[in-house]
Amino acid sequence: QLAYAPPWIRGPEKPLRVDGETSKVSFDLFAEESAELRPWSLILLATAETDNGTLVIASKPFQIDVAKPYLQLAVEKTVVKQNAAAEVRCQLDWQESKSATAIAELKGLPKGATSLKQELVVGQDAISFPVSVSADTPAAIHNTLYVELSVPETAETVTHYLGHGGVLEVLE
């Protein structure tokens, strides 16, 4: 687990379990919009129960850089009837990125609604997600949509969660 989480940065909600045969573990860190844009030093703690009691060890300090998001994204309100299809359109405003492409997935869909991942080109100003709504999808205003954007970088993938509160209104 993290020894300390900087303000507005979240790590794993529960400590990660590592068995005796595992030599490494990975986890996600989430920086909220209010997180200060700067380098932060972090330390991981590990505990183990031994015959002599609880053993606590700490990692060497390591650094993460909290940077501004690659883009701003707004999910446009979409209205669709039950058992029909629609396009959920998102406006994109790119700030920066070193990558040429990214993968976007519409998340937070209500029960019975589905969509496919979309590839986009950095610099593109909009993206549309085809959404299929089943007869079982509740007729209501669902304000739970957001987009998970995965941008490949040199040694890792940077994931953004954008456009929270997007609206899909399902009519009977």
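The values are calculated or read from the model by the stated rules, or taken from the named source; none is laboratory data. Since the structure is predicted, the reported quantities are computational estimates derived from the model, not experimental observations. For neighbour counting, all protein chains shown are included, and Cβ atoms are generated from backbone atoms with ideal geometry for every residue, glycine included. Note: areas computed on protein heavy atoms with side chains; ligands, DNA, RNA excluded. Shrake-Rupley method; radii C 1.70, N 1.55, O 1.52, S 1.80 Å.
The sole residue among 112, 108 that is buried (at least 16 other Cβ atoms within 10 Å of the Cβ) and either within 19 Å of the chain's Cα centre (by Cα) or farther than 19 Å from residue 163 by Cα (or both) is 108. Contact map, segment 7-24: first residue closer than 17 Å to residue 42 by Cα, second residue open to solvent by less than 80 Å² (accessible area, probe 1.4 Å) and acidic (Asp, Glu), Cβ cut-off under 8 Å, separation 6 or more or different chains; pairs are 8/32; 9/32; 10/32. The set of residues from segment 14-46 being touching a Ser or Thr at 6+ places or on another chain (Cβ under 8 Å) and exposed (fewer than 11 other Cβ atoms within 10 Å of the Cβ) comprises just one member, 28.
Take segment 151-172 and flag every residue that is of a type outside the set (A, V, I, L, M, F, W, C) and either part of a loop (DSSP other than H, G, I, E, B) or open to solvent by 30 Å² or more (accessible area, probe 1.4 Å) (or both).
Start the filter on segment 151-172 by keeping residues that are of a type outside the set (A, V, I, L, M, F, W, C), which leaves 152-154, 156-157, 159-161, 163-166, 169, 172.
Result: 152, 153, 154, 156, 157, 159, 161, 164, 165, 169, 172.
Please work out if residue 73 is surrounded by 14 or more Cβ atoms within 10 Å (Cβ to Cβ) and either of a type in the set (A, V, I, L, M) or at negative phi (or both). Yes: the conditions hold for residue 73.
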